[in-house]
Amino acid sequence: MSRTRSVAGSGQGIHRRSVLAATGAVALAGGVGYALRPSDSQAATGTQQATEAVAASSRQAPAAPLAPYTKGTTVANVATPRGASGYRRLGDGPGWSRVVRSDLAAPQSGRAGRRTALAAFVQLTDLHIIDAQHPLRLEYLRSADIHAWRPHEALTVQGAIALVERINALRGAPVTGAPLHFAMTTGDNTDNNAKSELDWYLKIMSGGRITPNTGDPRRYEGVQNSGLKQYWQPDAAVRDSDKQAGFPHLDGFLKAAIREVRSPGLNLPWYSTVGNHDTLPMGCYASHGDSYLTELAVGGKKLMNVTAAEARQLQAQIKQAADPKGVRYHDFLKSHARSMRSVTPDERRAPFTPAEYVEAHLDPAHRGLGPAGHGYSSANLDAGTQYYAFRISDDVIGISLDTTDSGGHYEGSIGTAQLKWLDKTLRDNKDSYAVIFSHHTSKTMTNLRSDPARPDERRHDGQEVLALLGGHPRVLAWVNGHIHKNVITPHALAGGGSFWEISTASHVDFPQLARVIELTDNKDGTISLFTTLVESSAPHRTDFSDLSQTGLAALYRELSLNAPGARTTLGGDPKDRNTELVLKKA
């Protein structure tokens, strides 16, 4: 008996899991659903594999027949800049068309009427939830690199909540109309490896009230009210460099930015993948255990300004991985102790360890609609790992990798134990299709520094991971982020396997997107993966007098468009945006 049901015409095939929803297999507060969550034993320990799991979701079973749902996606419309220079405002623009890519297989005519839906999910990546007043932040690098600090960084919480609201409003997948199984965040969920940011991120995803402020509870204390002209001073009369470029004067902006906001939380299950900013302080330093840096993180001093020459030297050390353990960074901050400004100390700014990251996901307070641990489990804590497998549907498994290198630097790799586990998990589930999730792309897994916790273990780069995946013909996609740009790459590998690598832009840099991915069986010897980009729910047009939660989310997008030095190519080419990616069926 077939595991999927085919429908022709306007309706699309729907997986057997939706039948479970319709028959009331599992009921939650928000409705009845069918997405899958792993049992506690499925976490990665080096030997365990993905097995059958229980159903959990809040999505209502849709009424048949299913129909494509494009409202709120970039197929319908896109935030579009007005004007060619100066500070540009945003408005409504035409949607992006869908591009059919036949790099790996030829599309067959009539497939739209035959196809069945295997799975549909949402990818969020590089949210970079920022504690904008954190004492260890590197804003002062802006004296050498204008892009090193972004004028919209105080609004990451409001912007991310608006993205959650948009996902919640999607009543089905854009092509098949199938219910969305789950959401996956592919790393750099936080920015400074700070406990404050981790708490905000988990509340954004699972629901709750958030006050995006640390230090003095009554006022903002950071570079944006410092009087320094190299930063946008939104409330002050000072003619800073950003105002000279057209940025507005906004009375009450900083007071509004630290005001309490509320997130509804995602209305479908969500999973979490770890990134370098979630593992390493500043996203690049293996400095956990450095008492001076920890004391500075929670203490009452903050460095806000250095010379351009000093900034260039520090930035070069970071980019060239010349100081992966943060020793020179430690010395640099000590040498500038007298230049630091006083701020209010706050223990919530302390760095968190990988174990604390997993523990926070396991906290029942952050469960939302589940699954418990959002992919992580007590088995991860016992083994000291942050990778796991889960079953998406009867026919598809998901595998979340930990590509961060705890030895330092922002590029990634994986250890031998994880590489062997990945191979075994795919072999043990050879009858299932597989989607791989990670933070780093195959090209950015070039950092082979040893893991301090496993100094004798060899590290493996992206090319070795590609070679392994090439030996598993039922891998359909490798979904990741890190590069803050939409890029879709076909891989036809020597082992005989072929799949698509789908890299999605960040939600901290314009155009601030997430991506819906749909997997379908075309019933003609091919499989199609559909990718559709979505923006947040914030209106495209901004109102400088509107400093409400929604108004700030709109400003977050527009300010990111105008951030000095921001790259204009992060949206990618049409072939990297809304697509149909065709594969031969294994």
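Values for this structure:
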item: Charge dipole magnitude, Cβ of K and R +1, D and E -1 - the chain, Cα centre, debye nearest 20; result: 1260 debye
item: Within segment 482-586, chymotrypsin sites (Phe, Trp or Tyr not before Pro) in DSSP loop having at most 16 other beta-carbon neighbours inside 10 Å; result: PHE544
item: Total formal charge among the other residues, if their Cβ is under 11 angstrom from that of PHE352, Lys/Arg +1 and Asp/Glu -1; result: -2
item: Under 5 Å, built H, 5+ apart or other chain: amide partners of GLN123; result: MET184, ARG515, VAL516, ILE517
item: Computed Kirkwood radius, in angstrom, where 1/r is averaged over Cα pairs of segment 73-172; result: 18.3 Å
item: Per-selection Kirkwood Rh - segment 432-553 (Cα, Å, 1 d.p.); result: 17.0 Å
item: Expected 222 nm ellipticity per residue - DSSP helices of 4 or more, -39500 (n - 2.57), all of the chain, to 500; result: -6000 deg cm²/dmol
item: Dipole magnitude of segment 398-473, debye to nearest 20 (Cβ charges: Lys/Arg +1, Asp/Glu -1, about Cα centre); result: 100 debye
item: Given charges at Cβ of Lys, Arg, Asp, Glu: the chain dipole, positive-most of GLY208, GLN123, PRO179; result: PRO179
item: Estimated dipole of segment 75-220 in Debye, rounded to 20 [Cβ of Lys and Arg +1, of Asp and Glu -1, Cα centre]; result: 660 debye
item: Taking the C-alpha atoms of segment 202-356, convex hull volume expressed per residue in Å³; result: 161 Å³
item: Amide H partners (placed H, <5 Å) of PHE437, local residues excluded; result: ILE399, SER400, LEU401, VAL479
item: Relative contact order (percent, whole number), the chain, Cα cutoff 8 Å, 6+ residue spacing; result: 21 percent
item: Cα-based radius of gyration of segment 394-459 once divided by 2.2 N^0.38 Å, which approximates compact folds; result: 1.21
item: Among 167-180, 288-301, 446-459, 509-522, the order from most to least packed when residues are scored by Cβ within 10 Å on average; result: 509-522, 167-180, 288-301, 446-459
item: Directionally averaged shadow of the chain, computed from the convex hull of its alpha-carbon atoms, nm²; result: 24.4 nm²
item: Reference-scaled alpha-carbon Rg (2.2 N^0.38 Å with N residues) for segment 301-436; result: 1.44
item: Whole-angstrom Cα spans of segment 447-518 along principal axes, big to small; result: 41, 34, 15
item: Protection proxy ranking of 373-384, 266-277, 344-355, 564-575 - average other beta-carbon atoms within 10 Å, highest first; result: 266-277, 373-384, 344-355, 564-575
item: Over 21 Å (Cα to Cα) - which of LYS302/LYS485; LYS319/LYS485; LYS195/LYS301; LYS430/LYS584; LYS302/LYS334; LYS229/LYS302 fall in this group; result: LYS302/LYS485
item: Principal axis dimensions, segment 379-497 - Cα atoms, whole angstrom, descending; result: 37, 34, 25
item: Antiparallel bridge percentage (DSSP; both residues within the chain; nearest 5); result: 70 percent
item: Under Karplus coefficients 6.51, -1.76 and 1.60, residue-wise ³J(HN,Hα) of segment 72-84 in Hz, glycine/proline x; result: x, 9, 6, 6, 7, 7, 9, 4, 10, x, 9, x, 10
item: Residues with amide H under 5 Å from that of ARG341, placed H, sequence gap 5 or more; result: LYS302, LEU303, MET304
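Values quoted throughout were computed directly from the atomic coordinates according to the rules given, and no laboratory measurement underlies them. The structure presented is a predicted model; accordingly, all values stated were derived computationally and were not measured. Cβ atoms come from the backbone with ideal geometry, glycine included; neighbour counts cover every protein chain shown.
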